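Trainee: Take a look at this one; I'll ask things after.
Readers should treat all values here as calculations from the given coordinates under stated rules, not as data from a laboratory. All values derive from a computational prediction rather than experimental measurement. FYI the Cβ positions are ideal-geometry reconstructions off the backbone, even for glycines, and counts take in every protein chain you see.
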Amino acid sequence: MKPIRLITGIMTVGFWTLASRVLGVVREIFILAYIGPGPVLDAFVAAFRLPNMFRRFFAEGAFNAAFVPIFSKKYEGEEDPLIFARNAMNGLAFVLLILTALAMILMPALVWATASGFAGDARFDMTTGFGRIIFPYILFISLAALFSGALNATGHFAAAAAAPVLLNIFVIVAMVLAAWLGEEIILWLVWTIPLAGVAQLALVWVAADRAGIRLRPARPVWNSDMKRLLRVAVPAALAGGVMQVNLLVGQQVASQFDKAVGWLYAADRLYQLPLGVVGIAVGIVLLPDLSRRLKAQDDHGARHAFSRAGELSLALTVPAAAALVLVPLPIVSVLFQRGATGPGDSAAIALAVAIYGLGLPAFVLQKVLQPLFFAREDTRTPFRYAVWSMAINALLAIGLAPVLGWIAPAIATTAAGWIMVVMLAVGGRRFGEVARFDNRFRKRLWRILIATVIMGVVLSGTAMLLRPFLVMSLWRYLALVVLILIGIAAYGIAGHLTGAFRLSEFRTAFRRKRSDTE
């Protein structure tokens with residue numbers, strides 16, 4: 001078996017995901033400056049969420065949870081994985097074409113089902129129009145996810161991880177051009193999204209060709225492999241659907257409050273930055289690695305990979321969560337408060353960021369624990385857990401809204417995330433020692449917590465000292481950079497001294513990554 005370098009792979013995916021998420025924040029800075037919280041932003045968010053909802057249902061979530069383990073095992077077992085991948089691609093494309101056509105026709109019903117609070121005002125018609133332009137994005141991005149899954153399974157992570165960067169670059173350039181030319185920015189924004197999807201698909205298609213994964217469109221074929229794929233994918237699709245219900249419940253509640261959809265969307269983008277860099281990177285690399293090790297009956301290697309993924313995830317996520325909880329307002333005000341976004345909007349977004357920050361470690365741990373099930377082609381168990389998570393999320397979001405207002409969905413999301421982690425951790429114990437973190441993980445966990453507490457004290461004190469500069473228009477950007485750098489330095493020093501991690505581990509991974517690209 002040609003091994004997948006776990007830490008190096010995570011660093012590669014993490015680097016490109018970091019670039020994508022940073023550009024995603026830049027994208028939101030422009031959107032909030034040019035458009036700002038209000039009816040137009042609410043309509044755009046609701047329309048953009050539709051293809052992304054089905055994208056996670058069909059692509060990164062359900063489809064890849066089924067496709068990657070089967071493809072990885074065929075690749076490891078020296079079977080012909082390309083025939084399987086070709087049939088999967090053609091079947092997926094056929095389903096997506098039908099879905100896109102139906103969505104274009106039934107868009108008003110979709111808008112009502114996902115944001116009923118828009119009914120009766122201008123947001124409803126705007127969302128319907130935007131949705132019909134944006135929705136074909138799902139076809140391109142879902143096919144791109146399939147090529148990305150095949151590349152990841154064979155240890156080629158860079159192109160697949162870099163593809164999402166294109167969406168943010170295209171959108172930022174389109175908005176700047178529209179503003180410069182005096183055009184309607186929102187129309188340029190919505191028309192650019194499907195165009196960016198085409199570019200993302202082209203990038204990973206070419207990369208797959210160069211990696212020897214040559215797939216071409218053809219008539220869909222129904223055979224035993226497709227039956228196996230469907231059998232594994234359906235529970236994962238249901239689980240993905242349940243997770244999307246959580247988002248939709250939150251949007252339904254938020255749509256009843258003025259500006260709330262935009263506030264929660266902006267907060268979501270900030271906590272998605274560390275979640276994407278760490279959690280998604282770990283999940284992408286860990287799933288094919290576990291699948292191939294289990295196929296080779298390498299239980300010791302599988303446990304080691306699982307433990308190191310968990311260790312790295314928490315070492316990077318816990319301090320990020322602490323920063324989001326302790327200093328959300330300086331981050332939000334410096335990044336988003338300009339143009340159409342005022343101080344009141346910043347305060348609301350910061351509150352949501354702090355609540356999401358409490359759930360960030362849970363969202364990342366889900367990405368570490370789920371591959372334990374998916375690598376064994378067990379998608380039914382996570383589905384059952386997701387149903388319980390959905391019920392708790394809906395109960396809290398709807399039940400707390402009359403008391404706490406628009407912030408209830410954020411509280412519900414965080415609580416449901418932690419409950420999902422507990423269920424995955426307890427349920428995974430039936431797999432034996434391979435699904436349990438090793439002694440090194442347990443020793444380092446409490447050291448990570450101590451280092452985070454030290455960082456939190458330093459960060460809070462620094463934020464108080466820099467407060468006058470964080471509200472000055474000319475100095476606030478430099479002050480935020482200084483605040484972030486001091487927080488990183490404090491955690492790095494504390495983590496190294498307490499033994500939470502060794503800086504040499506990251507240098508070794510970086511050298512391997514660099515040598516792989518030379």
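Trainee: Quick check on the range 331-422: take the gyration tensor over C-alpha atoms, sort the square-rooted eigenvalues as a ≥ b ≥ c, and tell me if it's rounded (a/c under 1.5), prolate or oblate. Mind showing how you got there, number by number?
Mentor: Working: a/c = 3.55, a/b = 1.81, b/c = 1.96.
Oblate shape, in that a/c is at least 1.5 and b/c is the bigger or equal ratio.
Trainee: List the chymotrypsin sites (Phe, Trp or Tyr not before Pro) in the range 163-232 that DSSP assigns to loop (not H, G, I, E or B) and whose Cβ has at most 13 other Cβ atoms within 10 Å. Which are they? If you can, show how the numbers build up before the last one.
Mentor: On the way: sites: 170, 180, 188, 191, 205, 222; in loops: 222.
The qualifying sites are 222.
Trainee: What does the C-alpha gyration tensor say about the overall shape of the range 98-224? Classify as rounded when a/c is under 1.5, otherwise prolate if a/b is larger than b/c, or oblate. Write down the numbers at each step before the final one.
Mentor: Numbers: a/c = 2.86, a/b = 1.46, b/c = 1.96.
Verdict is oblate for the range 98-224.
Trainee: Using θ = phi - 60° and the Karplus relation 6.51 cos²θ - 1.76 cosθ + 1.60, list the HN-Hα couplings for the range 354-365 in order, rounded to whole Hz, with x at every Gly or Pro.
Mentor: These are the phi-based 3J(HN,Hα) values: 5, 5, 4, x, 4, x, 4, x, 5, 4, 6, 4 Hz.
Trainee: For the chain, what is the number of Lys pairs with C-alpha distance below 25 angstrom, counting only pairs 8 or more positions apart or on separate chains?
Mentor: Taking the Cα cut-off of 25 Å, the pair count is 16.
Trainee: Just to confirm a number: summing +1 for Lys and Arg and -1 for Asp and Glu over residues other than residue 431 whose beta-carbon lies under 11 angstrom from that of residue 431, what do you get? Present the calculation step by step, with values, prior to reporting the outcome.
Mentor: Values: positive: 303, 376, 429, 430, 436; negative: 299, 378, 433.
Value of the local net charge: +2.
Trainee: Sticking with this one: Assuming R0 = 35 Å, can you tell me the calculated FRET efficiency for the pair residue 116 and residue 234, based on Cβ-Cβ distance, to the nearest 0.05? Don't jump to the answer; show the numbers that get you there.
Mentor: Working: r = 28 Å, r/R0 = 0.80.
For R0 = 35 Å, the calculated efficiency reads 0.80.
Trainee: Over the range 104-261, what is the relative contact order in whole percent, taking alpha-carbon pairs under 8 Å and six or more residues apart? Don't jump to the answer; show the numbers that get you there.
Mentor: Values: 121 pairs, mean separation 47.4, N = 158.
Dividing the mean separation by the residue count of the range 104-261 yields 30 percent.
Trainee: Multiply the residue gap between residue 404 and residue 109 by 0.36 nm, knock off their C-alpha separation, and tell me the result in nm, one decimal place.
Mentor: 103.3 nm
Trainee: I would also like to ask the following. Could you compute the net charge surrounding residue 193? Neighbours are other residues with a C-beta less than 13 Å from the C-beta of residue 193; K and R count +1, D and E count -1.
Mentor: Taking every Cβ under 13 Å from that of residue 193, the sum is +4.
Trainee: Which ³J(HN,Hα) values, rounded to whole Hz and listed in residue order, are derived for the range 372-388 from phi using the Karplus coefficients 6.51, -1.76 and 1.60 in 6.51 cos²θ - 1.76 cosθ + 1.60 with θ = phi - 60°, glycine and proline given as x?
Mentor: 4, 8, 4, 5, 9, 6, 9, 9, 6, 5, x, 5, 4, 5, 5, 4, 4
Trainee: Given only helices, namely DSSP H runs of n ≥ 4 each adding -39500 (n - 2.57), what is the per-residue ellipticity at 222 nm of the chain, to the nearest 500 deg cm²/dmol? Please report the intermediate quantities before stating the final value.
Mentor: Details: 20 runs with 423 residues, N = 518.
Taken over the chain, the calculation gives -28500 deg cm²/dmol.
Trainee: How compact and how long is the chain, expressed as Rg and Dmax of its alpha-carbon atoms in Å?
Mentor: According to the Cα coordinates of the chain, Rg and Dmax are 22.3, 67 Å.
Trainee: Taking the alpha-carbon centroid of each part, what is the distance from the range 318-381 to the range 412-434 in angstrom?
Mentor: A separation of 19 Å, based on Cα centres.
Trainee: Here's a follow-up. Relative to the present Cα-Cα distance, how much length would full extension add between residue 221 and residue 433 at 0.36 nm per residue of separation? Intermediate results must be reported in sequence, preceding the final value.
Mentor: Values: separation 212, 0.36 × 212 = 76.32 nm, distance 3.97 nm.
Going from the current span to full extension adds 72.4 nm.
Trainee: Which residue, 353, 98, 369, has the largest displacement toward the positive end of the dipole of the chain when charges sit on each Cβ (Lys, Arg +1; Asp, Glu -1)?
Mentor: 369
Trainee: Could you calculate the contour length gain from residue 376 to residue 97, that is, 0.36 nm times the residue separation minus the distance between their Cα atoms, to one decimal place in nm? Don't jump to the answer; show the numbers that get you there.
Mentor: On the way: separation 279, 0.36 × 279 = 100.44 nm, distance 3.01 nm.
97.4 nm is the gain from fully extending residue 376 to residue 97.
Trainee: Separate question: Give me the dipole magnitude in Debye, nearest 20, for the chain about the Cα centre, with unit charges on the beta carbon: positive for Lys and Arg, negative for Asp and Glu.
Mentor: Values: 47 positive and 27 negative charges, 297 e Å.
Roughly 1420 debye, rounded to the nearest 20.
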